[in-house]
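Enquirer: One structure coming up, written as structure tokens, with questions to follow.
The values are calculated or read from the model by the stated rules, or taken from the named source; none is laboratory data. Keep in mind that this is a model prediction, so the values were computed, not measured. In this analysis, Cβ positions are derived from the backbone assuming ideal geometry, glycine residues included, and neighbour counts consider all displayed protein chains. Side chains are part of the model used for accessible areas, which takes the heavy atoms of the whole protein and leaves out ligands, DNA and RNA. Shrake-Rupley method; radii C 1.70, N 1.55, O 1.52, S 1.80 Å.
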Amino acid sequence: MYPFGSGMPQPHPPTSTPGYNPQPGMPAGVPFGAGWVAPTQHPHQQQQQPPTNSHYPSTTTTPHHAPYPTSNAPYPPTNTSPYPTSNPSPYPPTNQAPYPTAGPYPHPTPYPSNGNQSSPYPGSSYPHNPHQQTPYPTSTGSPAHYHHNPSTPFGGQTPTHPTAYNPNHGYTPVRTSMGLESPAGNIQHCFEELAQRQGHPIQHHYTAPRREGTPTVFPAQNFDPVKDAHDLRKAMKGFGTDEDALINIICRRSNEQRQEIQRQYKTHFGKDLIEDIRSETSGNFEKLLVGLLRPIVDFYCHELNDAMAGIGTDEDVLIEILCTLSNHEIHTIKNQYLRLYGAHLESELKSETSGNFKRLLVSLCTAARDESGHTDRAAAQSDARELLKAGELRVGTDESMFNMILCQRNYQQLKLIFQEYETMTGHSLEKAIKKEFSGDIMEGLIAICRCVNNKAEYFASRLHKSMAGIGTNDKQLIRVIITRCEIDMADIKAAFERMYGKSLKSWIKGDTSGHYKHALYALVGEQRSNS
């Protein structure tokens with residue numbers, strides 16, 4: 001399937017720091033923005049009914065530190081649909097966790113709840129409470145895949161832990177034989193232990209995500225946030241700024257590591273790292289470094305808000321973000337957008353867009369796409385016929401049929417639909433869309449088609465568009481590189497060279513300069529050149 005964009009990264013090399021998890025609260029190697037969804041389940045597993053409560057230890061005898069819920073209802077009661085059906089509003093009340101708890105996500109959590117409210121995403125400007133919920137989604141798939149498990153990996157409450165470790169990573173670690181580890185790091189162990197207690201063979205594929213895509217920025221090994229904080233302070237203290245030191249630290253750490261560096265910087269020096277960066281740098285170099293230092297969810301929210309602020313709307317940004325993320329990621333962004341800007345993202349989209357394009361964005365913002373990965377060729381043939389009748393076989397176009405199919409079907413099923421459509425007509429659905437639509441709605445539907453077929457090529461085209469012609473759209477260039485460098489930038493580079501005959505590095509070299517250019521080199525995995 002696909003990680004918070006699409007294109008799961010290869011597993012990150014393990015860090016040498018005991019118990020360090022580069023993306024706490026998510027499966028290892030799955031950064032936010034990869035568009036990851038659950039692995040496809042085998043048919044006999046889908047039909048398996050959840051065991052009765054008799055298989056679990058009694059709540060009166062279970063130790064207080066047991067990793068399973070002690071309530072009498074460890075499974076979602078009746079709603080097995082992967083998407084909310086009873087809540088008329090797509091937004092939960094503001095005091096709820098980042099994911100809706102009444103619909104797509106089971107309420108019980110792997111750790112006992114302590115009643116605290118959900119915490120904001122990690123960042124130097126947000127208060128931290130070690131007992132609050134895990135700040136990032138785990139992206140471990142749809143509930144249809146995990147409904148037989150009594151625990152949910154979506155950022156549950158955690159108990160108090162030893163005070164010898166200062167839990168400033170935005171999550172509370174748990175003690176293991178290997179040191180301190182995030183709760184998500186123990187999910188595999190919990191599932192295995194549960195299977196053993198029930199006398200069932202261990203099914204490792206329940207939690208092992210399929211990984212696609214190769215990043216160019218990995219978590220630094222031997223990571224020392226205190227040393228990095230001091231080195232950054234030294235680079236900006238006194239007369240002049242050591243820009244190379246800023247690049248070597250900020251551009252060669254994962255987003256989660258950069259958040260920890262910010263916390264240590266503020267702790268040791270009583271200053272905000274982003275404010276210091278802004279005072280010591282300028283131009284596109286400053287924008288790039290500040291973007292890297294934002295928590296990735298906040299960065300997405302900022303880009304969406306900026307695209308709709310002021311006079312006019314940057315529709316390309318809305319398409320790029322909403323057409324490429326998974327349900328989990330869109331739900332996360334909607335909740336964080338409400339916290340940061342005090343407005344519902346869907347309401348903002350409705351006020352800034354109109355017509356068929358508005359309906360497309362609202363459908364995507366609802367985040368109700370099937371993510372099961374199941375395919376059905378007969379259904380694909382039926383959908384292909386419906387698209388043909390809604391477009392090329394009638395006078396005018398039934399936009400709602402295109403909207404319904406392209407926004408609801410899973411990516412694997414859409415590939416089948418595209419194949420069937422081409423078999424019926426002799427040309428691609430993308431060509432038909434270009435013939436039947438125009439303007440922003442056309443761009444949005446084509447973006448979905450290209451992401452389904454090859455997401456790396458879609459983002460390669462976005463990078464090319466940002467640098468082609470006179471001038472450079474640096475905002476677009478920075479956004480794509482920041483959001484994809486920890487997911488699939490190596491694949492995007494290969495697609496770029498295949499599509500345009502020249503390397504991405506050569507295009508960056510021709511359109512940028514100075515420290516800004518060298519920082520981009522570092523993020524796309526290229527060696528610094530002398531020129």
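Enquirer: Might you check whether a residue that is over 17 Å from ASP228 (Cα atoms) and more than 26 Å from the chain's Cα centre (by Cα) occurs anywhere in segment 240-262? Quick ask: steps written out before the conclusion?
Expert: Going through segment 240-262, the residues over 17 Å from ASP228 (Cα atoms) turn out to be 240.
Retained after the next criterion (residues that are more than 26 Å from the chain's Cα centre (by Cα)): 240.
Checked against the condition, which is being over 17 Å from ASP228 (Cα atoms) and more than 26 Å from the chain's Cα centre (by Cα), segment 240-262 yields at least one hit.
Enquirer: With respect to ASN284, determine if the residue is in contact with an Asp or Glu (Cβ under 9 Å, 6 or more places away or on another chain) and at pLDDT 95 or above.
Expert: So ASN284 passes the test.
Enquirer: Also, I was wondering about something else. Among the residues of segment 242-278, count how many are within 22 Å of SER513 (Cβ to Cβ) and either open to solvent by less than 40 Å² (accessible area, probe 1.4 Å) or of a type in the set (S, T, N, Q) (or both).
Expert: 8
Enquirer: Kindly indicate the residue of segment 322-345 that is in contact with a Gly (Cβ under 9 Å, 6 or more places away or on another chain) and open to solvent by less than 10 Å² (accessible area, probe 1.4 Å) and also nearest to ASP488 (Cα to Cα) among those meeting that condition.
Expert: THR324
Enquirer: If you scan segment 358-402, which residues turn out to be closer than 17 Å to ILE321 by Cα and part of a helix (DSSP H, G or I)?
Expert: LYS358, ARG359, LEU360, LEU361, VAL362, SER363, LEU364, CYS365, THR366
Enquirer: Which members of segment 309-321 meet the condition of being more than 17 Å from ARG484 (Cβ to Cβ), open to solvent by 10 Å² or more (accessible area, probe 1.4 Å) and part of a helix (DSSP H, G or I)? Spell out the reasoning first.
Expert: First, pick out the residues of segment 309-321 that are more than 17 Å from ARG484 (Cβ to Cβ): 309-315, 318.
From what is left, the residues that are open to solvent by 10 Å² or more (accessible area, probe 1.4 Å) are 309-315.
The answer is GLU315, and nothing else.
Enquirer: Suppose we filter ARG498, ARG462 for residues that are within 30 Å of MET404 (Cβ to Cβ), out of contact with any Leu (no Cβ under 7 Å at 6 or more places or on another chain) and charged (D, E, K, R); which single one remains?
Expert: Just a single option satisfies the conditions, and that option is ARG462.
Enquirer: Right, next: Do any helices (runs of 4 or more DSSP H) lying entirely in segment 414-512 carry at least 1 residues that are under 25 Å from ASN356 (Cα atoms) and open to solvent by less than 50 Å² (accessible area, probe 1.4 Å), and which ones are they?
Expert: Numbers: elements: 429-436, 439-467, 474-484, 489-500, 504-511.
Correct list: 429-436, 439-467, 474-484.
Enquirer: Provide a single number: the residues in segment 221-241 that are open to solvent by 60 Å² or more (accessible area, probe 1.4 Å), in a helix (DSSP H, G or I) and hydrophobic (A, V, I, L, M, F, W, C).
Expert: So the count comes out to 0.
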